[in-house]
Amino acid sequence: MDTIRLTGVQGMGTHGVLDYEHQRAQPFIVDAVLHLDLSRAGSSDDLHDTVDYGRVAKRIVSVIEGEHVDLIERLAALIADAVIADHPAVQGVTVTVHKPKAPITVPFADVSVTIERWRSGRNTDGKTGRADEGRVTPMHHAVIALGGNKGDVAASMRSAIADIDGLEGTQVTGISPLYRTAAWGMPDGTPDFLNAVIEVTTELDAANLLGRLQHIEVAHGRTREQHWASRTLDLDIIDVDGLVSEDPNVTLPHPRAWQRAFVLAPWLALDPAARLAGPHGGEIADLLHEAGDREDVHRIDDSWMTGMADDAPVHPSGSAADIPQFDGTVDGSARKQGDGDTATVQPAIHTAVISMDSRSNEAETLFRTAIVALEGIPGDQVEGISPLYHVSHLHGSDAMSAVMQMTCRMDAKALIATLGSVEESLNGDVDLDLVDMPGKQDVLRYVLTANAPETKDNDFTWKDFQARNNNELVAVYGNFVNRAMVLTQKYFDGRVPAQGSLTDYDKETLKEFADVKAEVEKLLDVFKFRDAQKEAMNLARIGNKYLADTEPWKLAKTDMERVGTILNISLQLVANLAIAFDPFLPFSSEKLRKMLNMDTFEWSELGKDNLLPVGHQLNKPELLFEKIEDATIEAQVQKLLDTKKANEEASYKANPIRVNIEFDDFTKLDIRVGTILECQKVPKADKLLQFKIDDGLETRTIVSGIAKHYKPEELVGKQVCFIANLAPRKLKGIVSEGMILSAENNDGSLAVIMPEREVKPGSEVK
C-alpha cells in the first residue's frame, strides 16, 4: 500500500477536559499518513487519480477548529473518519494529534496520540484487493470572474471568495490582482466596476458550480431585475477544464469572455500562459491585445485580498485614500473622485529620515530642488531640515551633506524608488538615501519579547522581525482592531452601540477575556514576559475568531440590533487590548487609546466588558500597524553590511613591507603608460579581460584578471600603467604581452593605476 504523508498541520481548538480549555483556544498539530494505491496516478500524472492533500489539510483544520471534545483520542478519531469519508480512494489513515500546550505540571516536550483507521471490510493489516479500491471523485479546474460597482465591492468580493473556497470539494488555487473598469455601455455617472479573476479546483460540475455561485450572489445582495445595471456582486464561470459547450444554462467558455478586457486582464495577470477555448479562443495575451476596451481597465492593487481587513469598504466611486491598505501601494491614477459616504481607514502615514549628499558646487541648490520635488508628491510633507554640513574627504573632492525628515503615504519600497527618480532627474549629482523609517520601537519590543529565551542569549534577525510584524501585529492584532472600528464607523457613525441580548457564544467570548488580568499578572510576576505577551495576543485572536464566526457585515442586512451587540463586545475587547499591551507596546497602546477617544485606562480595569460606554464617540480609525516590505528589510541589512565595511576600513592595516631589493633589480622593470584601444571579456573566463593597448611603438595584447572590478566599456580610451618587458604568457589560449598594474584595496577590490593627466603612449614610469 502506498502512502501520502502530511505533517505539521496546525489549528487552534478548544479541546481538553479542563474548564478553561473549553474557553481558550490552544494549538493542536496533526500528522496524517494516508494509505492508498498510487499506481494509477504514477502512470497517468493526473490529479483525478490521487488525493488533493491541500483539501485534506483544510479538512483537518476544520475538525480541529470545530466542536469541542475532551480527549485528543476522540479528536484523532474524528479527523480519521473525516478523511476516509471525504476521499474514497483512501483505504486507511494513520493520524497523530500533538497537544504541545497540554496542562502538564512537569516539564515536557510534547504529548501525542496516534490512531489507525481502515475503511470497513479491510483486514487489520490494511491489505485489500484492487477491485473495491475506488477512484477519486473527478476534479475540475474552473476560472471564475468577479465584479461589481455597488456597495462595498472589494469586501463583497473577498467574502465571496471565502464562500467559494468553502464549497464542498472546492479549493481556490489562485487570485488575480484587483482591477478598476469604466462602466462601459452604461449611463454617464455610473460608478466604475472593480474586477478580479480566481482559479479553483472543484468536484462540482459546471451546472452545480453555477448554482452555488448564484446563491453566493444572492447572499451578497445581487438582484437581477435589469441585465445592464449596477450590481453588488457578479460571479461568472469563464472556463471549466477548457470545455466547449452550447448548453444554454451553462455555455462554455463564457460567450463574451474573449472580448472583455476586464476578464482577460486579471486572468492574464493570474496565468500568463492562459488560453481560452472555443471558436473565439486563443492565447489570453493575444485576445487582450485585440480587446476594444483594454484602455479602460486599470490594475490598482496586487494585495487586495490580504492587505485589507475582511470588511474594510472599497468603493468604485471613491478616491485612492478610500482604500485602506496595510502596504500603502495602491495606484490611484485610474480612480474618480466621488462622494462615498462609507467609513474608511486612512492609509498609513510613515515618517522617513532621508540623507542628502552631493560633491557638486551647486549642492545647496540641488538639495532645495530635491526637497521641493519630494514635497510636491501628494501625501508628502517635509517636517524638518538639518543644517548644511561640509564633509572633507582625504581622497577626491569634498562634499556637502544634510538630512531631512518627512511624512509620506509611500512605503519604503515606493519611497526608495521615488528617491531614485529624483536623483535621476538631477543627473545623479545628488545622492538621496532612506536612512530609516522611525516609529518601530514597539515592533522591536514585541519581537524581542516574543523570542526571549529564558536560559540563553536572544537571536535577532531582520527577516523574523518582518515576519512577526506582518503575520502577528498586522494580520492578527491590527486586523481585529481595524475591522471592529471600521464596522462601527460604517454602521453606527463611530459611536459605541448598545449591547442587546446575549447568545451563549457572546457569553463564552466575554468569559474568555474576563480572567486575562489575573493570567497576565501571574506571568509578569514571575518574569515570564514572553508568555504574558502571548496571553495578551490571544485576546486579538479571540476577537478575530468572534468576528469571523458572527459575520456582522452579513447580519447588517437583516438584524442591526444583533450587529450592535457584536460590535459592542468587539470594541470592549479592543479596549482591553489597549490595556493588556501597554507594558509591551506603549506607543501602540497610546495610539489605540486616541482612536478609542479615551485618555487613559487603569490596569485594574483589564478584563472588564464595559470599558466603553454606550454612545461613546470614537475617533476616526487608523491602521495600528503597517506592513513591512522586503525593501525596508533589505535596506536595514545593507546598513549592517555598510557598517561592517566601514569598521573593516577603519581597522585596516597595510601588509608588511617585503624584503628589500637592490636598485638594479628595480631598474630591470620597464613600466610604461599605454592607451586602451579595445577591451572585451575573455569567453568562459569570469575574471579575465582582453586589452588592445597602444604602447607608443605598436599595438600589444594584454590579458588582465580585473573583469569583476571593471566593465570593458569603462576602460576603453583610458591610459594605464603596465609592465612592458614581461615574457609573453598564454592565458586561455591568448598570448598576453605584459601586466596591467592595479592597487588592491582592503576589501579585495582592484583599482587600475592610471596617470593623473594624459601623457604620450609609451611614456616610461620612473
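Restricting attention to the stretch 251-281, the residues being touching a helix residue (DSSP H, G or I) at 6+ places or on another chain (Cβ under 8 Å) and of a type outside the set (A, V, I, L, M, F, W, C) number 8. Contact annotation: residue pairs with Cβ atoms under 9 Å, 6 or more positions apart or on different chains, pairing a residue in the stretch 65-80 that is in contact (Cβ under 8 Å) with a residue 24 or more places away in the chain and in a loop (DSSP other than H, G, I, E, B) with a partner that is surrounded by fewer than 17 Cβ atoms within 10 Å (Cβ to Cβ) and among the β-branched types (V, I, T), are D70/V17; L71/V17; L71/V113.
Contact annotation: residue pairs with Cβ atoms under 7 Å, 6 or more positions apart or on different chains, pairing a residue in the stretch 238-255 that is more than 15 Å from I144 (Cβ to Cβ) with a partner that is among the polar types (S, T, N, Q) and surrounded by 14 or more Cβ atoms within 10 Å (Cβ to Cβ), are S245/T251. Scanning the stretch 479-520 for residues that are within 30 Å of T449 (Cα to Cα) and surrounded by 13 or more Cβ atoms within 10 Å (Cβ to Cβ) yields a count of 20.
The residue that is modelled with the lowest pLDDT, counting only those in the stretch 152-170 that are in contact with a helix residue (DSSP H, G or I) (Cβ under 6 Å, 6 or more places away or on another chain) and of a type outside the set (D, E, K, R), is L167. If we scan the stretch 551-565, do we find a residue that is within 18 Å of V476 (Cα to Cα) and either in the same structural domain as G13 (by TED's automatic domain parsing) or surrounded by fewer than 18 Cβ atoms within 10 Å (Cβ to Cβ) (or both)? Yes; the residues of the stretch 551-565 include at least one that is within 18 Å of V476 (Cα to Cα) and either in the same structural domain as G13 (by TED's automatic domain parsing) or surrounded by fewer than 18 Cβ atoms within 10 Å (Cβ to Cβ) (or both). Going residue by residue through the stretch 532-544, is there one that turns out to be buried (at least 24 other Cβ atoms within 10 Å of the Cβ) and more than 17 Å from R24 (Cβ to Cβ)? For the stretch 532-544, residues buried (at least 24 other Cβ atoms within 10 Å of the Cβ) and more than 17 Å from R24 (Cβ to Cβ): absent.
Residue count for the stretch 599-623 under the criterion of being modelled with pLDDT of 85 or more and β-branched (V, I, T): the result is 1. Selection of the stretch 579-589 for residues being part of a helix (DSSP H, G or I), at pLDDT below 90 and of a type outside the set (S, T, Y) yields A580, P586, F587. Checking A80, A25 one by one, the residue that is at pLDDT 90 or above and of a type in the set (G, A, S) is A80 and no other. Among residues of the stretch 201-224 that are farther than 14 Å from A142 by Cα, those with a beta-carbon under 7 Å from a residue that is modelled with pLDDT under 90 and among the polar types (S, T, N, Q) at least six positions away or on a different chain give the pairs H220/S156; H220/S159; H220/T232; G221/T232; R222/T232. Of the residues examined, A727 is not one that is out of contact with any Cys (no Cβ under 7 Å at 6 or more places or on another chain), surrounded by 15 or more Cβ atoms within 10 Å (Cβ to Cβ) and in a loop (DSSP other than H, G, I, E, B). Of the residues in the stretch 107-115, at least one is outside the structural domain of G169 (by TED's automatic domain parsing), at pLDDT 90 or above, surrounded by fewer than 18 Cβ atoms within 10 Å (Cβ to Cβ) and in contact with a His (Cβ under 8 Å, 6 or more places away or on another chain).
Filtered by the rule that a residue be polar (S, T, N, Q) and either under 28 Å from the mean Cα position of the chain (by Cα) or not assigned by TED's automatic domain parsing to the domain that holds D531 (or both), the stretch 566-584 gives a lone residue, S570. Once the stretch 741-766 is narrowed to residues that are closer than 30 Å to K644 by Cβ and part of a strand (DSSP E or B), the residue that is modelled with the lowest pLDDT is E744. Within the stretch 158-190, the set of residues being surrounded by 21 or more Cβ atoms within 10 Å (Cβ to Cβ) and touching a His at 6+ places or on another chain (Cβ under 9 Å) comprises A160, Y179, R180, T181. Of K692, K645, K684, K711, all but one fail to be within 35 Å of the chain's Cα centre (by Cα) and within 30 Å of M739 (Cα to Cα); the exception is K645.
The values are calculated or read from the model by the stated rules, or taken from the named source; none is laboratory data. Note that this is a predicted model, so its numbers are computed, not measured. Heads up, the Cβs are rebuilt from the backbone with ideal geometry, glycines too, and the neighbour counts pull from every protein chain shown.
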